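Q: Below is the structure I would like to discuss, written out as structure tokens.
Please treat every number below as a calculation from the coordinates, not as lab data. Model, not experiment: these values are computed from the prediction. Note that each Cβ is placed from the backbone with ideal geometry, even for glycine, and that neighbours are counted across all protein chains shown.
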Amino acid sequence: GARSGPSIMGGGAKDAWDRVGHILEAISAKHGSEPCAAYLGEAGAGHLVKTVHNGIEYADMQMIAEVYGVMRDGFGLSAAETGGVFEKWNGGILQSYLIEISGKVAGTADPDTGRPMLDIILDKAGQKGTGRWTAIEALMLGTPASAIEAAVAARNMSARLDERKAGEAAFGAAPNAIDREAVTIDALEAALVAGKIICYAQGFGLILEAARQYGWAMPLPEIARIWRNGCIIRSAMLNDMSSALADDAERNLMLAPFFSQKLKETEASLRQVVAQAALHGLPVPALSAALSYFDIMRTARSTANMLQGQRDFFGAHGFERTDKDGSGYHGPWAMG
């Protein structure tokens, strides 16, 4: 962004944007000839969109790291070999800045020791707080962002290095090796595609809910458009996201025809990767959270009826019925 222009997410008074918008568009990154800058709404709308951008970034990075872990610990691939995989993926649907740099990071040798850089980087992740802000805002707005929340938690756990060492000493290292017939490189790619779609669906859903509750403009197709360059999560997939949101901004991105078809093609691989990772002790919290979100959101009859029964039993909170209109019903346990 500093070198060739950033993606600029404007918020605040519209008349202020009208005065300076042409300057911000001129200095912003460009996608072709289009400026990656736009007015997104009143008050803190621009700040919220930037925060959610960073929350998506946390989840995207974590899922890439999880797939790297499967290749490293499950397949026994070297850093350079994983770099080659990422480089190949960057030529397909996963083409993005994060996949591109992941390949470069994995393929780089330490100039001091000659060893792969990834082999000498301490596995304690830092953070500036924007992922946490995204998770907090999602909880406050009552909208699911489980993949982002899992990515934040994973960074928090990574910082607990001494506890993790004590855990391995107490319980032993997991049997990580995976049968390459059970999970293939192609399945990992497909799982990452599915996880990415779900992660973005949660992010855009959060922005939509903020627009509803705060009364902000928040043009979702425009947001996807200005993320196509000048920011960390720029990716080829954002073109299709912008088109899908232009067709119906109120719809969960997973249900847009293009992305629902992609999920139908990749869901089995996501399930396979998560299942094999669990069986072999490979932590994949963000991919697991994405799969759980997918399964909940494709289940018409959930298990929340049990939650409502429990809440009514201990707190007389009441519930709605499937066979009658209205709310405030109670179970017979309340009679005593």
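Q: Please find the FRET efficiency linking residue 264 to residue 112, where r is the Cβ-Cβ separation and R0 is fixed at 45 Å, and quote it to the nearest 0.05. Display every interim value, and only then the final one.
A: On the way: r = 48 Å, r/R0 = 1.06.
Given R0 = 45 Å and the Cβ-Cβ separation, E is 0.40.
Q: Taking 2.2 N^0.38 Å as the expected size of a compact globular protein, what ratio does the Cα radius of gyration of the stretch 51-158 give against it, to two decimals?
A: Values: Rg = 15.2 Å, N = 108, 2.2 N^0.38 = 13.0 Å.
It is 1.17.
Q: Would you mind checking which residues have amide H under 5 Å from residue 38's amide H? H placed 1.01 Å from N; only 5 or more apart, or other chain.
A: Answer set, sorted by chain and number: 8, 10.
Q: Tell me, how many Å apart are the Cα centres for the stretch 107-137 and for the stretch 1-33?
A: 30 Å
Q: So what's the back-of-envelope 222 nm ellipticity for the chain, counting only DSSP H runs of four-plus at -39500 (n - 2.57) apiece and dividing by all residues, rounded to 500? Before the final figure, lay out the partial values.
A: On the way: 14 runs with 196 residues, N = 336.
Only helices count here, giving -19000 deg cm²/dmol.
Q: Only four residue types carry charge here, +1 at the Cβ of Lys and Arg and -1 at the Cβ of Asp and Glu. Report the dipole size of the chain about the Cα centre in Debye, rounded to the nearest 20.
A: 340 debye
Q: With Kirkwood's inverse mean 1/r over C-alpha pairs for Rh, give me the Rg to Rh ratio of the stretch 232-336, two decimals please.
A: Values: Rg = 19.9 Å, Rh = 17.5 Å.
Rg divided by Rh gives 1.13.
Q: Counting other C-beta atoms within 10 Å, and keeping those with at most 12, which DSSP coil GluC sites (Glu not before Pro) do you find in the stretch 233-336? Walk me through the numbers before you get to the answer.
A: Working: sites: 250, 265, 267, 320; in loops: 250, 320.
Those that pass, being in a loop and sparsely packed, are 250, 320.
Q: Compute the FRET efficiency between residue 311 and residue 173 as 1/(1 + (r/R0)^6), taking r as their Cβ-Cβ distance and R0 = 25 Å, and round to the nearest 0.05. Walk me through the numbers on the way to the answer.
A: Working: r = 41 Å, r/R0 = 1.65.
According to the calculation, E is roughly 0.05.
Q: Taking 2.2 N^0.38 Å as the expected size of a compact globular protein, what ratio does the Cα radius of gyration of the chain give against it, to two decimals? Don't skip to the answer; put the middle values down first.
A: Details: Rg = 22.1 Å, N = 336, 2.2 N^0.38 = 20.1 Å.
Normalised Rg, Cα atoms only: 1.10.
Q: Label 7 Å along Cα→Cβ of residue 16; the stretch 187-212 residues with amide nitrogen under 20 Å?
A: 211
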